[in-house]
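The values are calculated or read from the model by the stated rules, or taken from the named source; none is laboratory data. Source: prediction; values computed, not measured. Counting neighbours? That spans all protein chains shown, and the Cβs are built from the backbone with ideal geometry, glycine included.
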């Protein structure tokens, strides 16, 4: 620990003690007993190497008294932390003492342990046993090799990427690229040992050239080489530190990097020649982006800053302090590139986004059994990383086939949880529940618009490519004591607004909502996999356009997609969503009894929908609506804004469009007033209280069927009882559209619904 920090802690403690003595008369004189004084071990590092300097500056300690108004969370400045000056000089478990002087002047003590491990051996020379690519690059190559291999339905399909075509390894130019091949050398006992630090020799080939860039030693002491061509510098290699930096001239170029170990100190024995690699290679493409190696560094995505955080009403001081503490305050990245798998915890994000609890909160069922616990809660209306993109700007998040795992982040609290944690036993935290529309916590918020050079109508572009995201909203039906869904407080993966966003070759699992276009902008989901979304894989709020191509979106807690028209009666020309899906598997089988349907008041409507299956049974089509388990594949629901289905179903002016093409067949849910099929043929039926179904959008042939209040079927072509036969070829043609379709649309009041069809033989199978 730094000496200045120790002195500061002592001074602050003395000052606090003096203040406490001065106000002693106002302090409790009885019933003031210590209940607990505990260190939050997640806030400190507890494992060190021999000789490593300790750092406890991030420590948080919770103290509780019988008089709860004096309960508080203490930080480094509130405490006196003592330990031997040579605490890391030897291996073993070492004790650290923590002291706090309370308002009565009483000294309170607690302690925690750290573990000191042996430092890695220093090997300066020897015979090489192994020289190979870093583990992260091996992992990258393995994922690229497995991409595109698994078939739909196989055990490995959902964890592997669709595409391997853009498989170049991306590197950013904004900071150093760490490239440290694994070098193992035989020790005196002929055991292979990893060399932690060694000198390399680097050659760099640009854009497929067979001749390397000219290399010149520019810093002999630190062994820094400049690699250039035609007097233009492209790369610097730090051969003593196993890292490189690419200059601005390198952006857009590809480079083959060839690295060998220093042959002055390390050699390959004659009998090992041919079996031990003497060089490793990696081809990279350089872009204008920041290289990310730790979860905390993801904060460089954010560029919104103080006073402009969208819906987030949390303090921005904590955000600025977090960036400063990680040396990232002045980073202005135009993109980020991942170089290993990352797991996000509360320690990796600014503290303004969550509240830690004094003790774990327990969710219990009606019998008092604990179903799950929580140590912290996310603050609703938070955007962990907010990115504003101006016109003609492009922001890239390139994953290099690595994973961002958010499963360790807490949920936004449900109603009961938010009320309960205000009690003293949890620390008296004042935090609101997630509300009637559930979670509004986004991992990433993409924002277009803003002002630059007087232009106020701005929209940028974002690219998210070759990355897997894992969320924290496991699909379960756990409810709190008030009946609120617990995991409905999970993260939204990416919420975009006023910008164009391309998902290319991504995987998203277990988010509350995965893809969330908001208000405007064009979103393209190309070769995307989305699984197990708690509510929906896709939620569009307002006038966004979404194109889904060659993707797989499966298993949501409700409809796979919800697309909402804002204020339909006022916005007849705008604020309605459009979705075009092609060559994709879109499935979310529901029976309408899931908790989500109950929570939005849609259970009765779901029951009415299921009655339409009788139409397919009576018409004896080859396809039916319900599978053998009585479930519907609800692909999309088009509705007005609102969270209660009973209200939104009444708004017949709701507009939107959802088109799905698969195996050469296209079905369209079309509620656009600009289209004669809907405005002139369908909408009058809805106003009259009918339910309309169609498998094709065909205005000329009036290819739809509608039902009265008793679900009696009528022909859209004649308004007579629907009677397909050889004598009624018009109705027969309509019947055949359902017989051959993969999907069909339902219009019911203010609801437009796209559903999948299954083979009748499969639906009746045991």
Sort through 407, 496 and tell me the only one that's closer than 30 Å to residue 167 by Cα and crowded, with 17+ Cβ neighbours inside 10 Å.
496
Checked pairs for the stretch 423-438, first over 19 Å from residue 351 (Cβ atoms), second surrounded by fewer than 16 Cβ atoms within 10 Å (Cβ to Cβ) and modelled with pLDDT under 85, C-beta under 7 Å and 6 or more apart or across chains, list as 424/68; 436/643; 437/643
Scan the stretch 720-730 and give yes if some residue there is over 36 Å from the mean Cα position of the chain (by Cα), at pLDDT below 95, buried (at least 18 other Cβ atoms within 10 Å of the Cβ) and in a helix (DSSP H, G or I), otherwise no.
no
Any residue at all in the stretch 557-578 that's in a strand (DSSP E or B) and within 24 Å of residue 627 (Cα to Cα)?
yes
State which residue pairs qualify: first residue over 13 Å from residue 99 (Cβ atoms) and inside the stretch 76-88, second residue loosely packed, with under 13 Cβ neighbours inside 10 Å and at pLDDT below 85 in any location, beta carbons under 7 Å apart, and separation of 6 or more residues or different chains.
88/51
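Could you grab me the full set of residues in the stretch 131-156 that are buried (at least 16 other Cβ atoms within 10 Å of the Cβ) and not in a helix (DSSP H, G or I)?
131, 133, 134, 147, 150 - these are the residues of the stretch 131-156 that are buried (at least 16 other Cβ atoms within 10 Å of the Cβ) and not in a helix (DSSP H, G or I).
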Among (1) touching a residue at least 12 places away in the same chain (Cβ under 8 Å); (2) surrounded by fewer than 23 Cβ atoms within 10 Å (Cβ to Cβ), residue 598 falls short only on (1)
Within the stretch 83-100, can one find any residue that is within 21 Å of residue 426 (Cα to Cα) and at pLDDT below 85?
no
Return the residues of the stretch 207-230 that are outside any strand (DSSP E or B) and either in contact with a strand residue (DSSP E or B) (Cβ under 6 Å, 6 or more places away or on another chain) or surrounded by fewer than 17 Cβ atoms within 10 Å (Cβ to Cβ) (or both); say none if nothing qualifies.
207, 208, 209, 210, 211, 212, 213, 220, 221, 222, 230
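If we scan the stretch 196-206, do we find a residue that is more than 26 Å from residue 336 (Cα to Cα), in contact (Cβ under 8 Å) with a residue 60 or more places away in the chain and part of a strand (DSSP E or B)?
Yes.
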Which condition number does residue 570 fail, the rest of (1) more than 30 Å from residue 733 (Cβ to Cβ); (2) in contact (Cβ under 8 Å) with a residue 40 or more places away in the chain being met?
(2)
Which condition number does residue 303 fail, the rest of (1) surrounded by fewer than 17 Cβ atoms within 10 Å (Cβ to Cβ); (2) in a loop (DSSP other than H, G, I, E, B) being met?
(1)
Looking for whichever is surrounded by fewer than 14 Cβ atoms within 10 Å (Cβ to Cβ), farther than 28 Å from residue 570 by Cα and under 39 Å from the mean Cα position of the chain (by Cα) here; the options are 742, 663. Which one fits?
663
Residue list for the stretch 659-715, filter: more than 21 Å from residue 634 (Cα to Cα), in contact with a helix residue (DSSP H, G or I) (Cβ under 7 Å, 6 or more places away or on another chain) and in a loop (DSSP other than H, G, I, E, B)
673, 699, 701, 702, 703
Does the stretch 618-632 contain any residue that is buried (at least 21 other Cβ atoms within 10 Å of the Cβ), closer than 25 Å to residue 541 by Cα and either in the same structural domain as residue 706 (by TED's automatic domain parsing) or more than 31 Å from the chain's Cα centre (by Cα) (or both)?
yes
All positions within the stretch 231-248 that are surrounded by 16 or more Cβ atoms within 10 Å (Cβ to Cβ) and closer than 21 Å to residue 170 by Cβ
233, 234, 235, 236, 237, 238, 242, 243, 244, 245, 246, 247
So, restricting to strands (runs of 3 or more DSSP E) that lie completely within the stretch 35-82, which ones have at least 3 residues that are in contact with a strand residue (DSSP E or B) (Cβ under 8 Å, 6 or more places away or on another chain) and within 23 Å of residue 427 (Cβ to Cβ)?
61-65, 72-74
Mind checking which residues of the stretch 390-418 are touching a residue at least 60 places away in the same chain (Cβ under 8 Å) and more than 19 Å from the chain's Cα centre (by Cα)?
390, 391, 392, 393, 394, 414, 415, 416, 417
Across the stretch 488-507, what is the number of residues that are touching a strand residue (DSSP E or B) at 6+ places or on another chain (Cβ under 9 Å) and within 18 Å of residue 440 (Cβ to Cβ)?
10
So, of the residues in the stretch 419-428 that are outside any helix (DSSP H, G or I) and surrounded by fewer than 19 Cβ atoms within 10 Å (Cβ to Cβ), which turns out to be farthest from the chain's Cα centre (by Cα)?
423
Selection status of residue 713, touching a residue at least 24 places away in the same chain (Cβ under 8 Å), under 20 Å from residue 622 (Cβ atoms), more than 41 Å from the chain's Cα centre (by Cα) and crowded, with 17+ Cβ neighbours inside 10 Å
yes
Of all residues being touching a helix residue (DSSP H, G or I) at 6+ places or on another chain (Cβ under 9 Å) and in a loop (DSSP other than H, G, I, E, B) in the stretch 405-418, which is nearest to residue 332 (Cα to Cα)? Just the residue, please.
409
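For the stretch 393-404, state whether one or more residues are touching a strand residue (DSSP E or B) at 6+ places or on another chain (Cβ under 8 Å) and assigned to a loop (DSSP other than H, G, I, E, B).
There is at least one residue in the stretch 393-404 that is touching a strand residue (DSSP E or B) at 6+ places or on another chain (Cβ under 8 Å) and assigned to a loop (DSSP other than H, G, I, E, B).
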Checked pairs for the stretch 244-255, first at negative phi, second surrounded by fewer than 16 Cβ atoms within 10 Å (Cβ to Cβ) and in a strand (DSSP E or B), C-beta under 6 Å and 6 or more apart or across chains, list as 249/232
